[in-house]
Amino acid sequence: MDFYRSHVLTCAGTGCTSMDSRLVRQGLHDELAKRGLDKEIKVLETGCFGFCNMGPIMVVYPEGTFYCQVQQQDITQIIEEHFIKGRPVERLLYKGQEAQATTEMENIEFFKHQERVVLSNCGKINPENIEEYIAEDGYFALAKCLDMTQEEVIDTVKKSGLRGRGGGGFPTGTKWDFAYKSQSDQKYVVCNADEGDPGAFMDRSVLEGDPHSVLEAMAIAGYAIGANKGYIYIRAEYPIAVERLGIAISQARELGLLGKDIFSKGFDFDIELRLGAGAFVCGEETGLLQSIEGKRGEPRPRPPFPAVAGLWTQPTLINNVETYANIPRIILRGADWFAGMGTEKSKGTKVFALAGKVNNIGLIEIPMGTTLRTIVYDIGGGIPKGKNFKAVQSGGPSGGCIPAEHLDVPIDYDSLMSIGSMMGSGGLIVMDEDNCMVDIAKFYMEFIQDESCGKCPPCRIGTKRMLEILTKITEGRGEPEDLDNLQILASNIKNTALCALGQTAPNPVLSTMKYFRDEYEAHIYEKKCPSKVCQALLSYVIDPEKCKGCGLCARNCPSDAISGKVKEPYSIDQSKCVKCGECMARCKFGAIDKK
Amino acid sequence: MKSIEELKAIKAKNRGDMSVRDAKGAPVINVHMGTCGIANGAREVLIAVMDEIKTRNLTNVHVTQSGCPGMCVEEPLITLTIPGEKPYIYRKVSPENAKAIVTRHVVNKQPVKEWLLNLEN
Ligand SMILES: Cc1cc2nc3c(=O)[nH]c(=O)nc-3n(C[C@H](O)[C@H](O)[C@H](O)COP(=O)(O)O)c2cc1C
């Protein structure tokens, strides 16, 4: 046996990798080797810890010391202090609101309110080594299922109360039952890893940090419904996840955990990857199946549902990455354990990608029923720079903006629906007083316009009209009837679009019109943008009291709109100003303001 | 993969290797590695401890280091902490003694009285 006195886990998720965690890992490795310490101390890669804005993250065992923002130049000190003298490097420890630095992960406020079930292996095991997954009870759930009947497996999933994490929240056990009952000698299991919501990286992190949990779950699903072939549809923009999945699949095949006659029970199952080109509509299940078949990724009407006629018209079970990642845990720990977490109708936990105007940007997992307030303030650490909270956007382009009055609503599928948003796949974007809600609505509508496949007119043309109206409003050309027109268009599109992309596309507009109507009205009637975002409604003015007459603004103005005499206050000609904001950014005396 | 026994064997082997990451509940052998300790041979002691753990295939024993506890004349020092017990401090530890401490105290649970610094234990 090799005995290492210390394991160093370095985050190899996308966030930390983009902050050069690979170089830190390599540097540490080389330096340890140079000093002959590489036989004592093992450096490993692991999945996302979630604390992305503190990355690159490094955890040193057996002490469990949690280091943040580790750079290449810190390596020597870590080796000399921590590994040779055995004292933590204070300056790399996490310092929260409390002045006291914390060495251990569990003491950090960000982690205290979380419940890591789906993410339990992320930050703990090396995702490129199947044996570490097995050491954490990996593939034991599959072994257990092969000793159960298909009905028993489906029953366990039903009893757990698990609902689809891809956005719709459809009961997973029921879906499995449909696929099981569909008669055919060829069925398929598909994993939806398209993850197209802007700002979302939950599924990506699960696949990067714990790919085997998804493979194992797909094999279980295959056994339960009677399929022996699986496909993972993943976007090519996720190179690390694609690479790890590839490694995981080949390691599972090598050990015979995929392939023929698994555990000598006569069950065959294999999985292949299919790479998508990153179109949002290919996340919609029928569009996705078309794309796997090599056709254009366009949704088709349902019914028939994929469980009846899916890939190549055969019964096909399609679930989301996070949905699958829950399955092995449910099988091993029992349906009751899972149903013990969460709210009445939404069981278990949910992973969210927390982003926007919040201090701790990252990946979090919380029990269903946690309030937005806990997420934004306790886990997220509040709004930066002492600004005021305005809203949380959940559910991506299909969801809505939730205002402060609903911060205490316990999050689950139904409560979010009732306040005009939705769970979606788990993106949460926090907005503060500087975000203009009309502009936000416009952003999502632009996204929909880019991503609509164009097959049905309500989505292709209707959302275009909505975008035109929103653009008009943000440019100061809004008219009173615009709000009614938006409302009418929204309800027509919702009722007539072919797939859920179009049916939910008006949600960001509807929810902002409902909760932030005053902002729309200010744009339309007063021609003002209260958050000072919409350029056309702003004017830049120079405060003569503060202006020192240095002329820097005038020299940098691209449209020659600023004039004046040196050492006397300058002024801006509003008719020439293109509102680029360059003057304000340049002024050293804070003399230029937006009004 | 033909049987669950095969899976269990892989698990058992790797749990051992990964026990370093199970933070709580393991005995901790702490080798004091201040400048004084290192000058007196603390590194050789550390290596001896690790060798012994390797040869005996021990799992769930943690090896850590720390600075000088202020008793430089007694170096090299080892502090052995067993959960639920007071720490045992061993003085003037040689590599051979270190191996013996692993065998006698960590494995066989018999403190080696004559090498202890804190005799009250
Ligand atoms: C426009 C659109 C995009 C979608 N994108 C995704 C996606 O990226 N990932 C996903 O799992 N589900 C996505 N879905 C939901 C899928 O259609 C489907 O409901 C889901 O994969 C089912 O899995 P689940 O029951 O495990 O949630 C999307 C739906 C729509 C309408």
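For segment A:27-38, the Karplus equation 6.51 cos²θ - 1.76 cosθ + 1.60, evaluated at θ = phi - 60°, returns couplings of x, 5, 4, 5, 5, 5, 4, 4, 8, x, 9, 6 Hz by residue, with Gly and Pro reported as x. Can you tell which of B:Asn108, B:Asn60, B:Asn40 shows the greatest fluctuation in a Gaussian network model of chain B with Cα springs below 10 Å? Comparing B:Asn108, B:Asn60, B:Asn40 in the GNM, the peak value goes to B:Asn108. Normalised by the number of residues in chain A, the mean separation of alpha-carbon contacts (under 8 Å, six or more apart) gives a relative contact order of 11 percent.
Which percent, nearest 5, of DSSP beta bridges in the protein assembly as shown are antiparallel?
On the way: 44 of 76 bridges.
Expressed as a percentage, antiparallel bridges in the protein assembly as shown total about 60.
Under the shape rule built on the C-alpha gyration tensor, where the axes satisfy a ≥ b ≥ c, segment A:6-108 is oblate, since a/c reaches at least 1.5 while a/b does not exceed b/c. Listed as lacking a disulfide-compatible partner in chain B: B:Cys68, by the criterion of no other cysteine Cβ under 4.7 Å. Shape class for segment A:130-339: rounded, because the ratio a/c of the largest to smallest gyration tensor axis (alpha-carbon atoms, square roots of eigenvalues) is under 1.5.
Of the beta bridges DSSP finds with both residues in segment A:6-108, what % are antiparallel, to the nearest 5? List each step's numbers first, then the result.
Details: 11 of 17 bridges.
Roughly 65 percent of the beta bridges in segment A:6-108 run antiparallel, per DSSP.
The calculated 222 nm mean residue ellipticity attributable to helices in the protein assembly as shown amounts to -10000 deg cm²/dmol, summing -39500 (n - 2.57) over DSSP H runs of n ≥ 4 and dividing by all residues. Label-to-label distance for A:Lys345 and A:Ser264 is 4.9 nm, based on points extended 7 Å past Cα in the beta-carbon direction. Over the Cα atoms of segment B:2-76, the radius of gyration divided by the Kirkwood radius equals 1.16; this is the Rg/Rh ratio.
Phi angles across segment A:266-274 convert, under the Karplus curve 6.51 cos²θ - 1.76 cosθ + 1.60 with θ = phi - 60°, into 3J(HN,Hα) values of x, 9, 10, 7, 9, 10, 10, 8, 10 Hz, Gly and Pro given as x.
Full extension of the chain between A:Arg333 and A:Asp2 yields a length gain of 116.0 nm, computed as 0.36 nm times the residue separation minus the alpha carbon distance. Scalar couplings 3J(HN,Hα) for segment A:411-420, obtained by applying the Karplus form with A = 6.51, B = -1.76, C = 1.60 to θ = phi - 60°, are 6, 8, 3, 7, 5, 5, 4, 5, 9, x Hz; x denotes Gly and Pro. Between A:Lys548 and A:Ala585, the C-beta separation translates, for a Förster distance of 25 Å, into a calculated FRET efficiency of about 0.90. The charge dipole of segment A:539-594, taken about the Cα centre with unit charges on the Cβ atoms of Lys, Arg (+1) and Asp, Glu (-1), comes to about 180 debye, rounded to the nearest 20.
When only C-alpha pairs under 8 Å and at least 6 residues apart count, what is the relative contact order of segment A:349-432, in percent? Once divided by the residue count of segment A:349-432, the mean separation gives 37 percent.
For the protein assembly as shown, what does the alpha-carbon gyration tensor say about shape, rounded, prolate or oblate, given a ≥ b ≥ c as the root eigenvalues, a/c under 1.5 as rounded, and a/b over b/c as prolate? Before the final figure, lay out each step's value.
Values: a/c = 2.60, a/b = 1.32, b/c = 1.97.
Oblate, since a/c reaches 1.5 and b/c is not below a/b.
A simple count of charges around A:Val308, restricted to other residues whose Cβ falls under 10 Å of its Cβ and scoring Lys, Arg +1 and Asp, Glu -1, yields +2. Candidate cross-link partners of B:Lys113 among the lysines, defined by an alpha-carbon separation under 30 Å and a same-chain spacing of 8 or more, comprise A:Lys85, B:Lys24, B:Lys54, B:Lys86, B:Lys92, B:Lys99. Near the amide H of B:Val63, within less than 5 Å, lie the amide hydrogens of B:Ile29, all on another chain or at least 5 residues away, with H placed in the peptide plane.
Return, ordered by residue number, the residues of segment B:98-112 whose backbone nitrogen is under 12 Å from a label point located 7 Å along Cα→Cβ of B:Asp51. From segment B:98-112, the list is B:98-100.
Summing +1 for each Lys or Arg and -1 for each Asp or Glu, what net charge is found among the other residues whose Cβ lies under 10 Å from the Cβ of A:Asp434? Present the calculation step by step, with values, prior to reporting the outcome.
Working: positive: A:Lys357, A:Lys385, A:Lys387, A:Lys390, A:Lys532; negative: A:Asp432, A:Glu433.
Surrounding charge for A:Asp434 is +3.
Label positions at A:Arg35 and A:Arg465, each projected 7 Å from the Cα along the C-beta direction, are separated by 6.9 nm. For segment A:132-171, the calculated P(r) over all alpha carbon pairs, in 5 Å bins from 0 to the bin holding the longest distance, is 6, 19, 18, 19, 20, 15, 2 percent.
Which net charge results for the neighbourhood of A:Glu285, defined as the other residues with beta-carbon distances under 11 angstrom from its beta-carbon, given Lys and Arg at +1 and Asp and Glu at -1? Within the 11 Å Cβ shell, the charges total +1. Of all DSSP-defined beta bridges confined to segment A:349-432, some 80% are antiparallel rather than parallel.
About its Cα centre, what dipole magnitude does the protein assembly as shown give when the only charges are +1 on Lys and Arg Cβ and -1 on Asp and Glu Cβ, stated in debye to the nearest 20?
Details: 85 positive and 92 negative charges, 106 e Å.
For the protein assembly as shown, the charge dipole is close to 520 debye.
Simple spin-label estimate for B:Lys86 and A:Asn495 gives 8.3 nm between the two label positions (7 Å along the Cα-to-Cβ direction from each Cα).
Bear in mind these aren't lab numbers, they're just calculated from the coordinates by the rules spelled out. These numbers were taken from a predicted model, which means no experiment stands behind them. Note: ideal-geometry Cβ built from the backbone for every residue, glycine included; neighbour counts use all protein chains shown.
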